[in-house]
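First comes the structure, then the notes that go with it.
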Amino acid sequence: MSNHDFGKVGVLYGGKSAEREVSLMSGGGVHAALCSQGVDAHLFDTGTRSLSELAQQGFDRVFIALHGRYGEDGTLQGALELLGIPYTGSGPMASSLAMDKIMTKRIWLEAGLPTPGYVELTAESAVPAAAASLGLPLMMKPPHEGSTLGIVKVSEAAALLDGFRHASSFDEVVLAEQFITGRELTVALLGRGANARALPLIEIVAPDGNYDYQNKYFSDDTQYRCPAPIAPALAQHIAEISVQAYRALGCEGWGRADVILDAQDRPWLIEMNTSPGMTGHSLVPMAAKAVGMDYPELCIYILKEARCKVARTGQVQG
């Protein structure tokens with residue numbers, strides 16, 4: 001397939017989530033890259049334009065450069081299935097599961113994959129018991145947000161309720177998670193099914209160990225080591241469990257697993273991103289570059305994988 005055979009391509013970006021600002025950067029980068037390769041690409045902001053407008057655009061396929069709710073959580077993927085428009089990344093089910101950090105953990109634990117212990121919280125009254133079970137420090141997270149939004153590390157019992165209240169301001173449910181001290185790694189993943197593969201590991205070294213929203217997207221002080229300086233056998237093991245985690249959720253196209261490597265060199269799966277960032281600070285393009293795939297090539301690869309994922313069964317028989 002030549003780059004001109006994609007037809008009219010929509011780059012879906014912006015959206016309505018708390019990660020809108022990042023999505024605008026991702027979408028702008030993807031759009032420019034696709035245009036540079038001769039693709040008839042057009043930006044479409046799902047935060048300001050309606051689904052009916054999307055249906056009227058006549059897109060032959062779309063590149064989803066949305067992050068967070070209403071773009072990465074399966075809702076848009078389901079709408080695209082109904083519209084019959086091929087799209088990049090995972091389908092409705094995998095997108096929804098990966099966006100829910102609690103459901104992700106349930107599936108990984110069922111699959112025998114390593115992920116930190118957790119407690120699901122819906123009320124302040126349950127916080128002390130969760131802390132007693134998980135120990136301190138612990139993490140408080142809104143399970144349906146990304147880009148570290150709403151995440152708090154709680155190191156002292158006196159700060160538990162404030163941590164819960166902050167995380168719950170982003171979500172109706174809070175994930176209290178065992179804190180794992182160690183090295184922050186991320187694993188970019190491409191493909192689907194038996195063909196899914198991991199790109200070289202990246203180690204993230206953030207100022208004061210704080211890889212927050214600012215350090216993730218805007219700071220030049222965060223260091224990225226790619227390939228991560230890890231023994232080859234251990235790096236291979238981390239890549240393998242990341243691919244297993246990706247497959248367990250039913251992901252496809254592309255994604256990114258976040259991993260903590262503890263002091264005993266044990267990897268712990270933290271979360272799966274099904275529509276990772278594509279900004280100047282983003283990690284999937286960095287990993288792709290390490291294997292000789294530049295940013296435009298990566299965008300073309302992802303776009304080629306676009307398809308509707310829900311099987312068509314034909315007419316319903318009366």
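The values are calculated or read from the model by the stated rules, or taken from the named source; none is laboratory data. This is a predicted model, so every value here is computed, not measured. When we count neighbours, we look across all protein chains shown, and the Cβ atoms used for this are built from the backbone with ideal geometry, even at glycine.
Among the residues of the range 37-46, the ones that are in a loop (DSSP other than H, G, I, E, B) and either surrounded by fewer than 16 Cβ atoms within 10 Å (Cβ to Cβ) or touching a helix residue (DSSP H, G or I) at 6+ places or on another chain (Cβ under 6 Å) (or both) come to 3 in all. When we screen 16, 105 for residues that are within 15 Å of the chain's Cα centre (by Cα) and on the phi < 0 side of the Ramachandran plot, the only hit is 105. Residues of the range 4-36 that are under 10 Å from residue 64 (Cα atoms) and part of a helix (DSSP H, G or I): 23, 26, 27, 30. When the range 184-220 is filtered for residues that are at pLDDT 95 or above and either of a type in the set (Asp, Glu) or outside the structural domain of residue 267 (by TED's automatic domain parsing) (or both), the ones remaining, listed by number, are 184, 203. Report yes if residue 314 is modelled with pLDDT under 95 and assigned to a loop (DSSP other than H, G, I, E, B), otherwise no. Here the answer is yes, as residue 314 does meet what is asked. Looking at 176, 167, 129, just one residue is of a type outside the set (D, E, K, R), at negative phi, without any contact (Cβ under 8 Å) to a residue 24 or more places away in the chain and not in a loop (DSSP other than H, G, I, E, B), and that residue is 129. Regarding residue 55, is this residue of a type in the set (A, V, I, L, M) and over 20 Å from residue 305 (Cα atoms)? The answer is yes for residue 55. Within the range 43-74, being over 20 Å from residue 90 (Cβ atoms) and either of a type in the set (Val, Ile, Thr) or not assigned by TED's automatic domain parsing to the domain that holds residue 8 (or both) holds for one residue alone: 48. Of all the listed residues (45, 60), the sole one being in contact with a strand residue (DSSP E or B) (Cβ under 7 Å, 6 or more places away or on another chain), among the charged types (D, E, K, R), at pLDDT 95 or above and closer than 27 Å to residue 144 by Cβ is 45.
Remark: pairs (first residue in the range 220-235, closer than 15 Å to residue 280 by Cα; second residue modelled with pLDDT of 95 or more and acidic (Asp, Glu); Cβ separation under 8 Å; 6+ apart in sequence or on different chains) = 224/203.
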